[in-house]
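Asks: Got a structure for you, written out below as structure tokens; questions coming shortly.
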Amino acid sequence: MFRCAALQRPDEAEIRYELHVVTDAIEPSLVELKAIIGPGDDGEAVITILLPEED
């Protein structure tokens, strides 16, 4: 799902998206996540996926 969201917003450094997560519950839960794209230690692209309230 991240890939689909990233393709729709190629110039964004932060992308929020939703997906269904299967847990022990009968119905899958809808979860919102955010991905932050930035430089790594050697300048390479790094993607970090977090919950929306995390930094």
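Asks: Could you tell me whether residue 6 is under 13 Å from the mean Cα position of the chain (by Cα) and assigned to a strand (DSSP E or B)?
Replies: Considered against the rule, which asks whether it is under 13 Å from the mean Cα position of the chain (by Cα) and assigned to a strand (DSSP E or B), residue 6 comes out as no.
Asks: With the condition kept exactly as written, say whether any residue in region 11-24 is touching a residue at least 40 places away in the same chain (Cβ under 8 Å) and out of contact with any Cys (no Cβ under 9 Å at 6 or more places or on another chain).
Replies: no
Asks: Right, next: What are the residues in region 1-24 that are surrounded by 10 or more Cβ atoms within 10 Å (Cβ to Cβ) and under 16 Å from residue 51 (Cα atoms), if any?
Replies: Those that are surrounded by 10 or more Cβ atoms within 10 Å (Cβ to Cβ) and under 16 Å from residue 51 (Cα atoms): 1, 2, 5, 14, 15, 16, 17, 18, 19, 20, 21.
Asks: Those residues that are open to solvent by less than 80 Å² (accessible area, probe 1.4 Å) and either within 18 Å of residue 10 (Cβ to Cβ) or hydrophobic (A, V, I, L, M, F, W, C) (or both), I need them from region 25-55; list them, please.
Replies: Residues satisfying the conditions are 25, 31, 33, 34, 35, 36, 37, 38, 46, 48, 50, 51.
The values are calculated or read from the model by the stated rules, or taken from the named source; none is laboratory data. Quick caveat: nothing in here was measured; it's all calculated off a predicted structure. Cβ atoms come from the backbone with ideal geometry, glycine included; neighbour counts cover every protein chain shown. To get the accessible areas, we keep the full protein, side chains included, count just its heavy atoms, and leave off ligands, DNA and RNA. Shrake-Rupley method; radii C 1.70, N 1.55, O 1.52, S 1.80 Å.
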